Amino acid sequence: MGYRSEVAYTIRFSGEDDTKVRQSFYTFLAEAKANPETAGCFLDDEDHFKVVESAWTINFHATDVKWYEGYEDVKMHEALLAMARSWVDDGLDCIGYLFARIGEETNDTEEVWGGNWDSDWLYLKREIVKDW
């Protein structure tokens, strides 16, 4: 039991200077893997958390999950997003991130974005599903 959500986020590196983008991506990965607050993300099930090195992208998607602030697994993903946010705040122009959460209640949605992002990466959409 408990309140369930669907959660997704993406952290992406892109820009005109491939060398800068690649170096920034791998520096971000190295720092995230070395940080005790975020390292657990990289141990997560590959069905949910994926690093796509060929696209300089980190993706996470989980359905039917208890996304409570105090939970350790939630804290590590929030810390990874906070790390991306701090890189944006520090002026790195080749990083962007998007976060979306849909809760069980119809009005419970959350979206957070920053940096150099594109709205096509991730967006919320509620659908009517029918059996006819």
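The values are calculated or read from the model by the stated rules, or taken from the named source; none is laboratory data. Every value quoted in this text rests on a predicted model; they were computed, and no experiment measured them. Heads up, the Cβs are rebuilt from the backbone with ideal geometry, glycines too, and the neighbour counts pull from every protein chain shown. The protein model used for the area step is the full one, side chains on, heavy atoms only, and it has no ligands, DNA or RNA in it. Shrake-Rupley method; radii C 1.70, N 1.55, O 1.52, S 1.80 Å.
Among what's in region 30-56 and is under 14 Å from E78 (Cα atoms) and of a type in the set (S, T, N, Q), pick the residue that is most open to solvent (accessible area, probe 1.4 Å).
N35
Which condition breaks for G15 when tested against (1) at negative phi; (2) in contact (Cβ under 8 Å) with a residue 60 or more places away in the chain; (3) of a type outside the set (V, I, T)?
(1)
Yes or no, residue by residue, for (1) over 24 Å from Y123 (Cβ atoms); (2) in contact (Cβ under 8 Å) with a residue 40 or more places away in the chain:
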site: V7; (1), (2): no, yes
site: A32; (1), (2): yes, yes
site: E69; (1), (2): no, no
site: L98; (1), (2): no, yes
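Could you give every pair whose Cβ atoms fall below 9 Å, whose first residue belongs to region 107-132 and is closer than 21 Å to E16 by Cα and free of Cβ contacts under 8 Å to residues at least 60 places away in the same chain, and whose second residue is of a type in the set (V, I, T) and surrounded by 12 or more Cβ atoms within 10 Å (Cβ to Cβ), counting only separations of at least 6 or pairs across chains?
Close Cβ pairs (under 9 Å, with a partner that is of a type in the set (V, I, T) and surrounded by 12 or more Cβ atoms within 10 Å (Cβ to Cβ)) amount to G114/V88; G114/I95; G115/I11; G115/V88; G115/I95.
What number of residues in region 1-29 are surrounded by fewer than 13 Cβ atoms within 10 Å (Cβ to Cβ) and of a type outside the set (V, I, T)?
Residues flagged as surrounded by fewer than 13 Cβ atoms within 10 Å (Cβ to Cβ) and of a type outside the set (V, I, T) within region 1-29 amount to 6.
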